[in-house]
Amino acid sequence: MHLLRRLLSLSLFTFISVTVVAQDYTVAPQQLVARVFGMVAAQTDFKLRYHESQEPQERTFLFDPRRAGGHAEGALEMAITFSTDKQNMRLGFAGDGAMFEVFIDGERLSVNSVDGGGPVRKDYSFAVFPTTINMPDRYADGRKHTLELRNLVFDPEVASPGLYLSWLLPNGMGHRVSTGQEIDGKQVGYKWRTPGGAWQAPTLPAIPESGERLDWSDFRYFTGTILAALRDAEAYYREPRYGDYVQRHHDFFFANRGEVARSREENGFRGGLFGHYFRFLMLDDFGPQGVTLAESAAARAPFPNHPLANEGYQLANAIAHQILTAVPRLEDGTLCRITPDSFTVQSDDLFMANLFSVRAGLALGREDLLEDALLQSVNFSKYLTDEKTGLYRHAYNTKSGQQSSTIWGRGMGWTMVVDAILLERLAGRDDPRMEQILKSFQSRCAALLDYQSADGRWHQVITDSTTYKETSCTAMFTYALATGYRMGWLTGEKYRDAALLGYRGMSGQISTDGTIAGIVQGTPILPNPAAYDNHATRKNDPRGVGAILWAAMAIDKLANEKGW
């Protein structure tokens with residue numbers, strides 16, 4: 001009750017009446033955690049269900065002669081109606097045992113063959129295709145054109161024949177062209193026929209899934225973040241059901257990993273359930289996902305024959321290996337991405353790497369991970385700090401030497417969360433970089449106060465009050481401010497009050513059944529603030545759920561330790 005009274009006392013920030021706040025806008029943090037967890041648990045389906053693949057209908061088209069109605073022998077034809085206005089495009093081809101001729105609107109462009117398997121994915125929308133041909137710019141006029149692969153023949157000696165096709169931008173990223181054609185009234189991405197036969201639609205494989213595309217049981221960074229937050233909630237509230245959920249998640253992954261791998265091998269599929277695990281290239285493919293695996297493996301260390309101790313330990317160390325040796329880095333060791341152009345330092349990646357490096361580094365006794373976490377926090381500050389505001393921009397591009405256009409809320413929020421975690425968990429470490437990270441954290445917290453709205457929330461573009469108010473970044477800043485004030489890094493009641501007001505604004509977006517409003521969907525680097533404002537929110541988007549759980553616990557800890 002003391003905490004609720006303090007929340008209600010912040011009337012100077014808002015015109016909402018005390019009665020409305022008490023009924024609709026304020027809920028005790030422990031109750032809020034339980035509500036949100038209830039929503040997550042109710043929507044998690046720990047079962048494999050087979051659904052028709054949609055991957056070939058997006059950026060990459062897969063033609064599998066085994067699905068060509070039994071007509072795999074002899075020459076086939078494949079046709080795609082497309083339109084694009086992008087210049088300097090290339091067509092990328094990959095696969096096994098295929099020979100073909102490429103035509104657009106009847107013009108013969110090339111004769112090609114492919115071997116060696118499917119494209120090698122390196123990043124979101126970026127994959128290496130061993131064979132590429134230039135597409136003449138006259139076909140990039142926004143009108144409909146027809147791409148044909150004629151005399152398409154597959155080697156009968158190849159066990160898993162197939163042909164992948166993608167339109168590629170000049171930087172190598174896949175481009176989603178507009179396709180649209182019908183067969184018997186059905187919209188299809190492409191069509192095929194045998195010589196002299198009628199055009200037919202492709203039969204897509206049924207692949208293992210477990211519900212909607214952003215699935216709560218998948219191996220994704222947002223599920224790893226939720227599991228890490230629930231592990232904290234289990235310890236803080238001494239509530240075993242949170243830990244039980246974490247364990248069920250691990251069990252589901254290890255029990256079904258082999259079946260999903262078999263299906264992927266059979267269908268040549270690149271997406272689907274556990275797709276990020278099987279890609280295992282980018283930080284959000286594995287970083288946060290490894291935190292509770294490492295901590296659980298360490299907890300089971302006295303029981304080396306426990307199967308999950310072995311599997312979890314092996315996977316956690318594989319993740320550590322990827323972060324330390326395989327993820328692209330700049331010359332100074334800063335982790336980066338190879339897209340969208342050259343090598344890009346992206347704010348999200350500080351969280352994706354350092355949540356694992358700090359927590360798994362402590363759990364597994366890996367000093368190399370802790371050292372790298374310090375390096376990343378210092379270097380990300382160097383590349384992303386906006387000179388005018390002191391906040392972090394979304395990204396830095398090494399090719400242009402310029403920061404990206406916008407100070408995006410959640411991107412900045414991830415850096416605040418993970419730096420607070422690092423500072424708290426490595427407190428007392430004798431290293432000058434700790435002081436550098438603390439000063440950067442303090443500077444960003446001070447700057448954030450100027451951009452908090454009257455109802456406690458922050459905006460999608462932090463520095464632009466015309467953009468919508470966004471829930472996940474509000475949770476992240478609430479966590480950072482509450483933790484900083486509780487730990488003594490931030491002095492002055494203004495930080496405490498901003499944290500409490502942020503919690504009230506965040507909790508006002510969460511209904512009694514745990515449904516969450518106002519979380520922005522996954523967000524690429526966009527060209528201007530207006531583009532970020534046009535990027536939609538999604539009810540219960542899992543990308544913000546872990547932060548909400550952490551924010552609620554941070555407010556609870558603040559209240560308890562300050563005796564409110």
If every Lys and Arg gets +1 and every Asp and Glu gets -1 at its Cβ, then about the Cα centre region 218-308 yields a dipole, in debye to the nearest 20, of 80 debye
Mean accessible area per residue over the chain (1.4 angstrom probe, all protein chains present, square angstrom) is 40 Å²
Looking only at lysines whose Cα falls under 16 Å of residue 494's and that sit 8 or more positions away or on another chain, we get 562
Checked region 382-513 with the C-alpha gyration tensor, a ≥ b ≥ c its square-rooted eigenvalues, rounded below a/c of 1.5, otherwise prolate if a/b is larger than b/c and oblate if not; verdict oblate
Amide H proximity to residue 51 below 5 Å, modelled H, separation 5+ or other chain, gives 207, 209
At the level of C-alpha centres, the distance separating region 449-484 and region 104-144, in angstrom, is 43 Å
Excluding residues fewer than 8 positions from residue 191 in its own chain, the lysines with Cα under 23 Å of it are 144
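For region 76-190, what does the relative contact order come out to in percent, with C-alpha contacts under 8 Å and a separation of six or more?
On the way: 270 pairs, mean separation 47.0, N = 115.
It comes to 41 percent, rounded to a whole number.
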The base-10 log of I(q)/I(0) that the Debye equation returns for region 463-564 at q = 0.10, 0.13, 0.18 Å⁻¹, one scatterer per C-alpha, is -0.30, -0.50, -0.86
Any lysines whose Cα falls less than 28 Å from that of residue 399, other than same-chain ones fewer than 8 residues away, would be 86, 122, 382, 388
Reduced to Cα centres, the span from region 490-564 to region 162-226 in Å works out to 34 Å
Over region 204-254, the quotient of the Cα radius of gyration and 2.2 N^0.38 Å is 1.32
Relative contact order as a percentage, the chain, C-alpha pairs under 8 Å and 6+ apart, gives 14 percent
Sorted largest first, the C-alpha extents of region 266-357 along its principal axes in whole angstrom are 46, 38, 18
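Given region 213-336, report the % of alpha carbon pairs whose separation exceeds 21 Å.
Details: 3252 of 7626 pairs.
So the pairs more than 21 Å apart make up 43 percent of the total in region 213-336.
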As a Kirkwood estimate from alpha-carbon pairs, region 436-481 has a hydrodynamic radius in angstrom of 10.9 Å
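Quick check for me: using +1 on Lys/Arg Cβ and -1 on Asp/Glu Cβ, what's the dipole size of the chain about its Cα centre, in debye to the nearest 20?
Details: 58 positive and 65 negative charges, 218 e Å.
In debye, rounded to 20, the chain gives about 1040.
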In terms of the charge dipole of the chain, which places +1 on Lys and Arg and -1 on Asp and Glu at the beta carbon, the residue among 119, 161, 558 farthest towards the positive end is 558
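Gain in length, residue 314 to residue 449, computed as 0.36 nm per residue apart minus the alpha-carbon separation, to one decimal in nm?
Numbers: separation 135, 0.36 × 135 = 48.60 nm, distance 4.31 nm.
Difference between extended and current length: 44.3 nm.
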Check: C-alpha center region 392-415 vs C-alpha center region 26-65, spacing in Å is 28 Å
Relative contact order of region 417-505 (C-alpha contacts under 8 Å, at least 6 apart) in percent is 29 percent
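Given the Cα atoms of region 53-163, and with Rh set as the inverse mean 1/r over their pairs in the Kirkwood sense, what is Rg to Rh to two decimals?
Details: Rg = 14.0 Å, Rh = 14.7 Å.
On the Cα set of region 53-163, Rg over Rh gives 0.95.
Okay, helix-only estimate at 222 nm for the chain: each DSSP H run of n ≥ 4 adds -39500 (n - 2.57), divide by all residues, round to 500 deg cm²/dmol; what do you get? Let's see the in-between values first.
Numbers: 16 runs with 226 residues, N = 564.
Helix contribution divided over all residues of the chain: -13000 deg cm²/dmol.
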Whole-percent carbon and sulfur contribution to the accessible surface of the chain (1.4 Å, no ligands, DNA or RNA) stands at 48 percent
Projected onto the charge dipole of the chain (unit charges on the beta-carbon of Lys, Arg, Asp and Glu, signs +1, +1, -1, -1), the Cα from 289, 396, 384 with the largest positive-side position is that of 384
Sorted list, accessible surface of protein heavy atoms, 1.4 Å probe, largest first, for 487, 99, 78 is 99, 487, 78
Against the 2.2 N^0.38 Å rule of thumb, the C-alpha Rg of region 140-225 sits at a ratio of 1.49
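Under 37 °C and 0.692 mPa s, how fast does the chain diffuse according to Stokes-Einstein, given a Kirkwood radius computed over C-alpha pairs? Answer in µm²/s, whole number.
On the way: Rh = 25.3 Å.
Value of D from the Cα-based Kirkwood radius: 130 µm²/s.
Provide the convex hull volume over Cα atoms per residue for region 295-441, in Å³.
114 Å³
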Checked region 324-409 with the C-alpha gyration tensor, a ≥ b ≥ c its square-rooted eigenvalues, rounded below a/c of 1.5, otherwise prolate if a/b is larger than b/c and oblate if not; verdict prolate
In debye to the nearest 20, the charge dipole size for region 345-432, taken about the Cα centre with +1 at each Lys and Arg Cβ and -1 at each Asp and Glu Cβ, equals 320 debye
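The values are calculated or read from the model by the stated rules, or taken from the named source; none is laboratory data. Keep in mind the model is a prediction, meaning the values are calculated, not measured. Every residue, glycine as well, gets a Cβ built from its backbone with ideal geometry; the counts of neighbours run over all protein chains shown. Accessible surface areas use protein heavy atoms only, side chains included; no ligands, DNA or RNA. Shrake-Rupley method; radii C 1.70, N 1.55, O 1.52, S 1.80 Å.
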